[in-house]
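Just below is one structure, and these are the notes that go with it.
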Amino acid sequence: MKKISLAEPNIGNKEWQYLKECLDSGWVSSSGSFVKRFEKFVSKKTKIKHATAVVNGTSALHLSLYVLGIRETNEVLVPSLSFIAPINTIRYLGAVPVFMDCNEHHTMDITKTLEFLNNETFMKAGSCYNKKSKKRIAAVLPVHTWGNPVEVNQLYSICRKKNIKIVEDASESLGSLYQDNKGNMVHTGKIADIACLSFNGNKIVTSGGGGMILTNKKKDSDLVNYYSTQAKDDPFYYKHNNVGFNFRLTNIQAALGLAQVQSLPSFKAKKKKIYKIYDQSFKDIPGLELIKPAKNTRSNYWMTVLKVNKKIFGNSRDQIIKKLLNAGIECRPVWYPNHLQKPFKSFQSYKVQKTQSEVKSCICLPSSTNLSKTDISKVVSTISRMQK
Ligand SMILES: Cc1ncc(COP(=O)(O)O)c(C=O)c1O
C-alpha cells in the first residue's frame, strides 16, 4: 500500500544540478556562493532588505531575540498555539513567555492581546511592564500558523508606542502576504523588526534543514551576521570581543534551498489547489470545516487543517485520525497547547480558551505539493465514509 505523507519535499532536477555544482566547487561549508545567492533571492522575493541564512528556524528565532536585546529580566508575548520552537528560544535566553489565545484562523488573537496590553500592563521610563510579574514586556512574537498571516497592524502600532520589539515567526509562511498600515499587500515579516523563516523538510521550501533571518534594519542585520559567525572581530588573528554562535547555513544546504525557492510560485499554486479541493469536498459535510486564512491576507496554504465537530459529524477527531493512519494516510493532531507543556505551565497565560478546544478538534491533513488527485480523493473518501 502506497503511503500518503503529510508534508514531504518536492525535489526536482534543478536541486540535483545545484547540489552537483556546489560539490564540484569544493565549497561545502558556509562560505560558498550559493549561500549569498540564496539570501539575495529570498530578500528580493520578500522585498525585505537584509537576509542571513542560518542552520534552522529555531536558531533564527534564538538569534533574533538575542540581537534585539531580549534577556532574562524580560517577558515575550507569544501564542500558546504554535510549534514549541519559538517558546524554547525565549527560554534559551532566560526570558519568560506570556501566552496569548488564538482566533478561528489559528493565529494569535489580536483583540485579546491588545486587551492584555491595555489592561494588564503599565508604562515606566518609556518601557512596558506586566502588572502581575513587574517584568518588562520587551517583545511580541506572533506566528503565521499553517501559512495563515496574522493581521498585525493594530498590534504593531501599540507595540511601537510601548517600546516593544517585534519578531515574527514566519517559519511556515514563506510566500504569504498581509496588509501593511497603508493597505498594501506585503510579504509576512516585512513590517516586523525581524522575521524568521524555516526550511525544514516539511516546509513549503526546504534546504534539508535551514532558516533565514530577515530585517530591513542594517544595524540588526550587522549584529545577526556578526553573532551568527562566532562574533569575529578580527577573523585573521581570531580576536573575539563577544560570545558568538556558529549558526550559518552550509553552501550545500543553500544550493538545495536556492533551487527550491526558485519553484516557490508553483509550490504555492499547488498548495492552494490542494486546499481548494479539500474545501470543495468537505463543504457540504455537516460537522467538518477547514481552518481558513483571514479575509484580508493571502496564505501560502502550507498546511490544510480540518476541524471536526464530533456532535454533528458523528465521529471524533481521534477516530478520524485512527482511520486515516490505518489506511496509510499520514496525519497529525494539532500541537499540544504550549501554556500546558511541562516546562512552561508555571508561566502566565492570558484568557487562553479557544486554543484548547481547537487543539482537541483539529487534524493536519496531507498537504505535500506532490500529492496526486487520487491521493486527495482517498483522504476525502476515508473521512467522508465515516459520516453518521
Ligand atoms: C512555527 C514554527 N516555528 C519554528 C519552527 C522551527 O524551525 P526549524 O525546525 O527549522 O528549527 C517551525 C518548524 O519546524 C515552525 O513550524
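Run lengths n ≥ 4 of DSSP H only: what is the helix-derived mean residue ellipticity at 222 nm for the chain, with -39500 (n - 2.57) per run over all residues, to the nearest 500?
For the chain, the value works out to -11000 deg cm²/dmol.
Scanning residues 5 or more positions from GLN262 or on other chains, none has an amide H under 5 Å from its amide H, with H placed 1.01 Å from N in the peptide plane. Sorted ascending by nearby beta carbons within 10 Å, beginning with the fewest, LYS203, LYS219, LYS378 become LYS219, LYS378, LYS203.
Under a 10 Å cutoff between Cα atoms, tell me which one of ASN241, ASN296, ASN315 has the largest fluctuation in the Gaussian network model of the chain. Judging by the Gaussian network model, the answer is ASN241.
Using C-alpha pairs under 8 Å with a sequence gap of at least 6, the mean separation divided by the residue count of the chain gives a relative contact order of 24 percent.
Which one of PRO9, ALA139, TYR178 is farthest out on the positive end of the charge dipole of the chain, using unit charges on Cβ (Lys, Arg +1; Asp, Glu -1) and the Cα centre as origin? The listed residue farthest towards the positive side: TYR178. Using Cα-only point scatterers and the Debye equation, what is log10 of I(q)/I(0) for segment 264-384 at each q in 0.20 Å⁻¹, rounded to two decimals? Computed log10 I(q)/I(0) values: -1.16.
Equivalent ellipsoid of segment 103-187: semi-axes from √(5λ) of the C-alpha gyration tensor, largest first, are 25, 13, 11 Å. Using a Debye calculation, one point per C-alpha and no hydration shell, please list log10 I(q)/I(0) for segment 13-261 at q = 0.11, 0.13 Å⁻¹ in order. For segment 13-261 at q = 0.11, 0.13 Å⁻¹, log10 I(q)/I(0) is -0.57, -0.78. Counting charges near LYS273 (Lys, Arg +1; Asp, Glu -1) among other residues having Cβ under 13 Å from its Cβ returns a value of +4. Taking Lys and Arg as +1 and Asp and Glu as -1, the other residues whose beta-carbon sits under 10 Å from that of ASN370 total -1. When the Cα convex hull of segment 1-124 is projected onto planes of every orientation, the mean area is 12.6 nm².
By the beta-carbon count within 10 Å of each Cβ, the least crowded to most crowded order of TRP27, TRP146, fewest first, is TRP27, TRP146.
A simple count of charges around LEU290, restricted to other residues whose Cβ falls under 12 Å of its Cβ and scoring Lys, Arg +1 and Asp, Glu -1, yields +1. Relative contact order of segment 179-257, taken over Cα pairs closer than 8 Å and 6 or more residues apart, is 23 percent. Put the Cα centre of segment 186-217 next to the Cα centre of segment 94-129 and the gap is 23 Å. Contact order for segment 264-384, expressed relative to its length and based on alpha carbon pairs under 8 Å spaced 6+ residues apart, stands at 32 percent. Farthest toward the positive end of the dipole of the chain, out of PHE344, GLN280, VAL305, is the Cα of GLN280, where the dipole comes from beta carbon charges about the Cα centre. Among VAL308, VAL143, VAL78, the largest mean-square fluctuation in a Gaussian network model of the chain, built with springs joining Cα atoms closer than 10 Å, belongs to VAL308.
The chymotrypsin sites (Phe, Trp or Tyr not before Pro) of segment 176-243 meeting both criteria, a DSSP state outside H, G, I, E and B (loop) and at most 11 other C-beta atoms within 10 angstrom of the site's C-beta, are PHE236, TYR237, TYR238. Here the chain is treated with +1 on each Lys and Arg Cβ and -1 on each Asp and Glu Cβ, and its dipole about the Cα centre works out to around 680 debye. Look at HIS339, HIS240, HIS144 and count the other Cβ atoms within 10 Å of each Cβ; fewest to most, that gives HIS240, HIS339, HIS144. Identify the residues of segment 72-92 with backbone N under 16 Å of a label point that sits 7 angstrom from the Cα of SER127 along the Cα-to-Cβ direction, or state none. Only 72-77 pass the distance filter.
Projecting the Cα positions of TRP27, VAL55, SER43 onto the charge dipole of segment 5-60 (unit charges on Cβ atoms of Lys, Arg, Asp and Glu, taken about the Cα centre) puts SER43 furthest along the positive direction. Taking every DSSP beta bridge that has both ends in the chain, the antiparallel portion is near 65%.
Shape annotation for segment 329-370: C-alpha extents along the principal axes are 41, 20, 15 Å, from largest to smallest. Separation of segment 363-380 from segment 135-165 is 33 Å, based on Cα centroids.
Read-outs: derived from the displayed coordinates by stated rules, not from any lab. What you see is a predicted model, and the numbers here were worked out from it, not measured in a lab. Methodologically, a virtual Cβ is constructed for each residue, glycine included, from the backbone with ideal geometry; neighbour enumeration extends over all protein chains shown.
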